[in-house]
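Notes to accompany the following structure.
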Amino acid sequence: MLRHWDPFHQVRRDLYRDALAQKGQRPESWQPLVDIVEEESHYQVVLDVPGLRREDLAIRLEQSVLTVEGERKRVEVENGKPLHHERRFGTFRRVFTLSRDVDGEAIEANLELGVLTITLPKRPEKQPKRISIN
Amino acid sequence: MLTRWRPMDALQKDFERFFHDELLPQRFFEGFFDTPLGEWKPALEIVEEEELYRVKVDLPEVKREDIELKVENDVMTISGQRQDEREETKAGYYYSERRVGSFTRSFRLPKHVDDENVSAEYRDGVLTVTLPKAAVSRGRTIDVR
């Protein structure tokens, strides 16, 4: 068999073999956009998770590492033909290292209108004290 | 056929494909440079089903009353405002990826949409617009006698 001589074949193959292999193995994924805000008494981690329900999300706290994981499931419709798609689906994981002044026992999470808000209160002793003047 | 041998062409094409299609997180940049400050571009999806078209738009934290749907000359426009409610209380942003502000997405409706019966639902931060196809275009079988 005669084949077109491609002097760069080897180079190219080595160049992106690994990356492509990895890509093929990775399941579909996406990353929700995140804001981290500091208030006087607490921090807030806010994630855009449109379409997700409570049961699609898992929040874990280990030592001072907060992990938010979830899955955005694609709803396939039989005979549905996608004409245009920008929305992304799949699993995600976002990991945050917390500041030492966070009170891990008092973390709260709330899901509303496709936005997950995690409130991380600061330990009382770390909050600025207000001293009144008599 | 004789073609000029250009060994670099294939390599260049591969580079382009690789860095453009395979590696770059295009979605990350999409809408970032082409939308003016104070605006954002929500992700949109259009799926054609047998009897209808379904349009979904990711609109996290947008209030129902802040979404406007309009059909004009076969063009559907979904616009609105995502309000930033934390603005006044924040002590500091450590990190900010989420975009707020106004948004507008327009697309041309397929000709055979029954625009009198378009309906929309907003739930969990996702807007779903259902556009039934007009009866005539669903196709029907005609008996040959």
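Taking the criterion of being in a loop (DSSP other than H, G, I, E, B), touching a Gly at 6+ places or on another chain (Cβ under 6 Å) and surrounded by fewer than 19 Cβ atoms within 10 Å (Cβ to Cβ), the residues of the stretch B:41-71 that qualify are B:41, B:49.
Considering the conditions (1) surrounded by fewer than 16 Cβ atoms within 10 Å (Cβ to Cβ); (2) at pLDDT 90 or above; (3) of a type in the set (A, V, I, L, M, F, W, C), residue A:45 is excluded by exactly one of them, (1).
In the stretch B:114-135, the residue that is modelled with the lowest pLDDT out of those that are more than 21 Å from residue A:52 (Cβ to Cβ) and either in contact with a His (Cβ under 7 Å, 6 or more places away or on another chain) or among the basic types (Lys, Arg) (or both) is B:134. Of all residues in the stretch A:90-123 being modelled with pLDDT of 90 or more, touching an Asp or Glu at 6+ places or on another chain (Cβ under 7 Å) and not in a strand (DSSP E or B), which is farthest from the other protein chains (Cβ to nearest Cβ)? Ranking the candidates gives A:113 first. Summed over the stretch A:35-48, residues that are within 16 Å of residue B:126 (Cβ to Cβ) and either at the interface with chain B (Cβ under 7 Å from one of its Cβ atoms) or in contact with a His (Cβ under 6 Å, 6 or more places away or on another chain) (or both) total 1.
Would you say residue A:86 is over 19 Å from the mean Cα position of the chain (by Cα) and not aromatic (Phe, Trp, Tyr)? Outline the logic, then answer.
Numbers: over 19 Å from the mean Cα position of the chain (by Cα): no; not aromatic (Phe, Trp, Tyr): yes.
Judged against the criteria, residue A:86 is not a match.
Given the structure, is residue B:111 more than 24 Å from residue A:44 (Cα to Cα), basic (Lys, Arg) and at pLDDT 90 or above?
On the way: more than 24 Å from residue A:44 (Cα to Cα): yes; basic (Lys, Arg): yes; at pLDDT 90 or above: no.
No.
Residues that are over 30 Å from residue B:133 (Cα atoms), over 15 Å from the mean Cα position of the chain (by Cα), touching a residue at least 40 places away in the same chain (Cβ under 8 Å) and exposed (fewer than 12 other Cβ atoms within 10 Å of the Cβ) do occur in the stretch A:108-128, at least one of them.
Any idea which residue in the stretch A:50-78 is farthest from the other protein chains (Cβ to nearest Cβ), counting only those that are touching a helix residue (DSSP H, G or I) at 6+ places or on another chain (Cβ under 8 Å) and part of a loop (DSSP other than H, G, I, E, B)? Among those residues, the one meeting the criterion is A:64. In the stretch A:56-81, the residues that are surrounded by fewer than 14 Cβ atoms within 10 Å (Cβ to Cβ) form Cβ pairs under 9 Å with partners that are among the aromatic types (Phe, Trp, Tyr) and part of a strand (DSSP E or B), at six or more places apart or across chains, as follows: A:65/A:96; A:67/A:96.
The values are calculated or read from the model by the stated rules, or taken from the named source; none is laboratory data. The shown structure was predicted, so the numbers you read here are calculated from the model rather than taken from an experiment. Counting neighbours? That spans all protein chains shown, and the Cβs are built from the backbone with ideal geometry, glycine included.
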